[in-house]
Amino acid sequence: MSKITKMMASLSFAHLLGMPAGAKAEDGDSDDDKKQRTDESDEDYAKRMEEEEEEEKKKEDARRAEEEEKEEKKKEDEAKKARKAEEDEDDKEKAARVNERARCASIFKCTAAGTRPDVAAHLAFNTSMPSAEAISMLETFAVGGAPQPSSLASRMAGVKPQNVGSGAAAAPAAGSDAAVTAQIIAAGKARRGEK
């Protein structure tokens, strides 16, 4: 009797499941099979029990192997799904790079990019603006023309000339205390050979 059949037969509500209470299994599996038969010798009984145990062990090993195989297959399936997700992500990244390169190329192909390469570079590399909008903005900047590089002469024209020496202190008036002090110091330096 299988475990399920035994359990169902022992239930008081087994009749609801289509089995009479206390029903026996029809498959021949019962506790009587575990008992020694009347026409069976001790050796035959021991041999039969060993065979049954070995058969149960084989069934259990087969069940374990099947479970391990299922688990291994499940792991392989999960690994395949993970690899596929990575490949899909890589494909998305590649597509994004290709699209970004195409956007930058279309901005630089515009004739206005030749006039204002600084603005073209900014729009291409520092914004995520669609190429059509970037080209429109670039053309607007290019209307004014390229900024003219400043020459040295143009830069010098804006500089106020300095009056050299105008920042020096005025000489003290002759005969003043400051003038006498300056003469004494100069005489001392001359005697020592200082300049």
Checklist entry - Would you pick out the residues in the range 99-117 that are more than 33 Å from the chain's Cα centre (by Cα) and buried (at least 17 other Cβ atoms within 10 Å of the Cβ)? => result C110, A112, A113, T115, R116
Checklist entry - For the range 83-100, does any single residue satisfy the condition of being within 24 Å of G144 (Cβ to Cβ) and at pLDDT 90 or above? => result no
Item to check | Check on T140, part of a loop (DSSP other than H, G, I, E, B) and either surrounded by 12 or more Cβ atoms within 10 Å (Cβ to Cβ) or in contact with a strand residue (DSSP E or B) (Cβ under 6 Å, 6 or more places away or on another chain) (or both) | outcome: no
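This table checks each residue for (1) surrounded by fewer than 10 Cβ atoms within 10 Å (Cβ to Cβ); (2) more than 28 Å from R97 (Cα to Cα); (3) at pLDDT below 90.
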| site | (1), (2), (3) |
| --- | --- |
| A121 | no, no, no |
| N126 | yes, no, no |
| A146 | no, yes, yes |
| S151 | yes, yes, yes |
| A157 | yes, yes, yes |
Item to check | Only one of T181, T140, T115, T127 that is touching a Pro at 6+ places or on another chain (Cβ under 9 Å) and of a type in the set (S, T, Y) | outcome: T181
Next on the checklist: Regarding the range 173-187, can at least one residue be identified that is surrounded by fewer than 10 Cβ atoms within 10 Å (Cβ to Cβ), part of a loop (DSSP other than H, G, I, E, B) and among the acidic types (D, E)?
Outcome noted: no
Checklist entry - Looking at this structure, is A105 within 30 Å of G145 (Cβ to Cβ) and either of a type in the set (S, T, N, Q) or in a helix (DSSP H, G or I) (or both)? => result yes
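The values are calculated or read from the model by the stated rules, or taken from the named source; none is laboratory data. These figures come from a predicted structure and were not determined experimentally. Positions of Cβ are backbone-derived with ideal geometry, glycine not excepted, and every protein chain shown enters the neighbour counts.
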